[in-house]
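> Here you go, one structure.
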Amino acid sequence: MKRWLPVIVFFILVGFFAKGLFLNPREVPSPFIGKPAPAFTLPLVGNEAQSFSPSDMRGKVWLMNVWAPWCVSCRQEHPVLMSLARGQSVPIIGLNWKDKDREAAMLLSTQGSPYYAVPDDLSGKVGIDYGVTGTPETYVIDRQGIVRMKHVGPIDMDVWKKKIEPKLKELGA
Amino acid sequence: MKTMIFATLLALGLPAYAGEAAPNAEDPVIEQRMINLATDLRCLVCQNESLAGSHAELAEDLRKEIRAQMKLGKNDKEVLEYLTDRYGDYVLYQPPFKPVTYLLWLGPLLFLLLGLGAWYAALKKRRTLQAAQLDEAQRAAAEKLLQDK
């Protein structure tokens, strides 16, 4: 028994390192889970006279997708969001984060928009209020305006089926 | 003469470089406070850089935000609260002492105690080995060996 002790300790360590290798360091635990989505009011892209605030969505389960025209993985995510929007299972709000070159309206009119509304966060302050570290990030917000889930990185069909859709079902969307 | 002019021109050129490193902050006190605070904070984009040293755009925005809040008269603790409310304890390089981090903080002490325990056990074992009794025959043999020079 005693001579096996180092071997056992070794394999326990290997176990920890192996687990660490497969963790995503970008997946920072969000302090907002279970808390109300921070309030804001922002003008809409392409229609500055109108504005959006999260309280407009009371009574609905919705997604807030933080994206930007300059963000490459958002382009990769775009067709997935488009097909989700066609399914109309849940409204997606596309927070346009730090779009300094003002390209969002143009991009959405040529590529199509999966969004129910596109609030324009030019300064990036609303992003900071939501603890955004990079685009794309997606929040699942329930009928009472409570953040239920945060996904960091682009949504693909796998993430949708395994992570987000089950959560939406649970929330009764 | 030409050399003189050349040397003078060279000398004139030097001070131009000296100004480059000057910080472009309007308020050096707040800048210093911001840097002191941000050195112990993690940049969320390049996670192995501090918020003070990172060139990521988000880090710049956050530094701007820290400056703005300090200008409003918030103290360091309130600014840290503002950041941890949004990004969690993850932004702090020095995690707070609370139930989920007990193992993290007390782990080294635990290992020290384990090591001390193992050390004590080994010492005790060695002492019992030394105290092994010799019987009469062995004692006589040892005596003989010692006297047989």
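The values are calculated or read from the model by the stated rules, or taken from the named source; none is laboratory data. Note that the coordinates shown come from a computational prediction; the quantities given were computed from them, not determined experimentally. All Cβ positions, even for glycine, are placed from backbone atoms using ideal geometry, and neighbour counts span all protein chains on display. Calculation scope for accessible area: heavy atoms of the full protein, side chains included, ligands and nucleic acids excluded. Shrake-Rupley method; radii C 1.70, N 1.55, O 1.52, S 1.80 Å.
> Starting from the stretch B:65-94, take each residue that is free of Cβ contacts under 8 Å to residues at least 60 places away in the same chain and list its partners that are part of a helix (DSSP H, G or I) and open to solvent by 30 Å² or more (accessible area, probe 1.4 Å), counting only C-beta distances under 6 angstrom and pairs at least six apart or across chains.
B:M70/B:R33
> Tell me, which residue of the stretch A:15-55 that is touching a residue at least 12 places away in the same chain (Cβ under 8 Å) and in a helix (DSSP H, G or I) is nearest to A:D129 (Cα to Cα)?
Only one residue tops the list, namely A:P54.
> For the stretch A:111-128, which positions are away from chain B (no Cβ under 14 Å) and closer than 24 Å to B:L44 by Cα?
A:P119, A:D120
> Which of the numbered conditions does A:D120 fail, given that it passes all the others? Conditions: (1) closer than 22 Å to A:R26 by Cβ; (2) open to solvent by 10 Å² or more (accessible area, probe 1.4 Å).
(1)
> Being away from chain A (no Cβ under 12 Å) and of a type in the set (K, R) is the filter; apply it to the stretch B:61-94 and report the residue that is farthest from B:I30 (Cα to Cα).
Filtering the stretch B:61-94 for residues that are away from chain A (no Cβ under 12 Å) and of a type in the set (K, R), the one farthest from B:I30 (Cα to Cα) comes out as B:K77.
> Does the stretch A:100-110 contain at least one residue that is within 14 Å of chain B (Cβ to nearest Cβ) and either modelled with pLDDT of 95 or more or out of contact with any Asp or Glu (no Cβ under 9 Å at 6 or more places or on another chain) (or both)?
Yes, there is a match, as at least one residue in the stretch A:100-110 is within 14 Å of chain B (Cβ to nearest Cβ) and either modelled with pLDDT of 95 or more or out of contact with any Asp or Glu (no Cβ under 9 Å at 6 or more places or on another chain) (or both).
> Within the stretch B:117-142, which residues are open to solvent by less than 100 Å² (accessible area, probe 1.4 Å) and either closer than 19 Å to A:K2 by Cβ or within 24 Å of the chain's Cα centre (by Cα) (or both)?
Once the filter is applied, which keeps residues that are open to solvent by less than 100 Å² (accessible area, probe 1.4 Å) and either closer than 19 Å to A:K2 by Cβ or within 24 Å of the chain's Cα centre (by Cα) (or both), the stretch B:117-142 yields B:G117, B:A118, B:A121, B:A122, B:L123, B:T128.
> Oh, and also: Specify which of the listed residues (A:G172, A:G131) is on the phi > 0 side of the Ramachandran plot and away from chain B (no Cβ under 14 Å).
From the options A:G172, A:G131, the qualifying one is A:G172.
> What are the residues in the stretch B:41-60 that are loosely packed, with under 15 Cβ neighbours inside 10 Å and more than 14 Å from every other protein chain (Cβ to nearest Cβ), if any?
Listed by number, the residues that qualify are B:G53, B:H55.
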